[in-house]
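Below: one structure, written as structure tokens.
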Amino acid sequence: MKIKLEELYKKKKIMYKYETNKFEQFDYKIVSPFKISYTIKLLENLKKIEIEIEINGSLLLNCDRCLEQFSYNMNINNIDIYELDEFDNEIDLDKETIENIILFLPSKYLCKDDCKGLCPNCGTNLNKDKCFCNQI
Ligand SMILES: [Zn+2]
Ligand SMILES: [Zn+2]
């Protein structure tokens, strides 16, 4: 989804909502479609824009401890300020959305806070099963 700057120059403020379950060049699997809402404002002297973004949706991630896939819910609220240069003629909302999603991903992916992970010895998923490695 792209917004023409020309339109923004005319209106000074654009609000835009859309829903998507597909982005180009996005490495993550989307579980529930992303609801995306934008408020784009032209700031003083026409050289800066403020982009207020709200993103809600969920992705499939792999847990860093037990390696199981889990669905991760994202509720992002963010405001970005951009300086426009003379070559800019549109704002790519998908690109902006992807950048925000990646920015707000956790540094560690955990299926749950107390994920027990895999046994380093036999590889059993300790969330689901017990192993006897520690009992010898
Ligand atoms: Zn896990
Ligand atoms: Zn074990």
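The values are calculated or read from the model by the stated rules, or taken from the named source; none is laboratory data. Keep in mind that what you see is a predicted model, and the values were worked out from it rather than measured. Virtual Cβ from ideal backbone geometry, glycine too; neighbours counted across all protein chains shown.
Run Met74 past the list (1) without any contact (Cβ under 8 Å) to a residue 60 or more places away in the chain; (2) within 13 Å of ligand 1 (Cβ to nearest atom) and report the number of the one that doesn't hold.
Failed condition: (2).
Quick one: would you say Glu68 is touching a Cys at 6+ places or on another chain (Cβ under 8 Å) and either modelled with pLDDT of 95 or more or over 16 Å from Ile3 (Cβ atoms) (or both)? First the steps, then the outcome.
Values: touching a Cys at 6+ places or on another chain (Cβ under 8 Å): yes; either modelled with pLDDT of 95 or more or over 16 Å from Ile3 (Cβ atoms) (or both): yes.
Spelling it out, Glu68 is indeed touching a Cys at 6+ places or on another chain (Cβ under 8 Å) and either modelled with pLDDT of 95 or more or over 16 Å from Ile3 (Cβ atoms) (or both).
Conditions (1) closer than 30 Å to Gly123 by Cα; (2) in contact with a strand residue (DSSP E or B) (Cβ under 9 Å, 6 or more places away or on another chain); (3) of a type outside the set (Val, Ile, Thr), marked per residue:
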| position | (1), (2), (3) |
| --- | --- |
| Gln25 | no, no, yes |
| Tyr28 | yes, yes, yes |
| Phe34 | no, yes, yes |
| Ile40 | no, yes, no |
| Asn45 | no, no, yes |
| Glu52 | no, yes, yes |
| Ile55 | no, yes, no |
| Leu61 | yes, yes, yes |
| Ser71 | yes, yes, yes |
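Any residue at all in region 10-27 that is surrounded by fewer than 15 Cβ atoms within 10 Å (Cβ to Cβ), of a type in the set (Ser, Thr, Tyr) and out of contact with any Phe, Trp or Tyr (no Cβ under 9 Å at 6 or more places or on another chain)?
no
What are the residues in region 113-136 that are farther than 20 Å from Asn73 by Cα and away from ligand 2 (no atom under 12 Å from the Cβ), if any? Steps first, answer last, please.
Just the residues of region 113-136 that are farther than 20 Å from Asn73 by Cα, to begin with: 116-136.
Scanning region 113-136 gives Asn127, Lys128.
Of all residues in region 1-20, which are in contact (Cβ under 8 Å) with a residue 60 or more places away in the chain and touching a helix residue (DSSP H, G or I) at 6+ places or on another chain (Cβ under 9 Å)?
First, the residues of region 1-20 that are in contact (Cβ under 8 Å) with a residue 60 or more places away in the chain: 1-6, 8, 16, 18, 20.
Correct list: Met1, Lys2, Ile3, Tyr16, Tyr18, Thr20.
Among the residues of region 100-126, write down those that are within 13 Å of ligand 1 (Cβ to nearest atom) and on the phi > 0 side of the Ramachandran plot.
Listed by number, the list holds a single entry, Gly117.
Please pick out the residue among Leu60, Leu42, Leu110 that is surrounded by fewer than 14 Cβ atoms within 10 Å (Cβ to Cβ) and either away from ligand 2 (no atom under 16 Å from the Cβ) or closer than 20 Å to Tyr18 by Cβ (or both).
Working: Leu42 fails: surrounded by fewer than 14 Cβ atoms within 10 Å (Cβ to Cβ); Leu110 fails: surrounded by fewer than 14 Cβ atoms within 10 Å (Cβ to Cβ).
Going through Leu60, Leu42, Leu110 in turn, just one is surrounded by fewer than 14 Cβ atoms within 10 Å (Cβ to Cβ) and either away from ligand 2 (no atom under 16 Å from the Cβ) or closer than 20 Å to Tyr18 by Cβ (or both): Leu60.
What are the residues in region 2-16 that are β-branched (Val, Ile, Thr) and within 11 Å of Leu42 (Cα to Cα), if any?
Taking region 2-16 and keeping what is β-branched (Val, Ile, Thr), we get 3, 14.
If the condition is that a residue be β-branched (Val, Ile, Thr) and within 11 Å of Leu42 (Cα to Cα), then Ile14 is the only one that fits.
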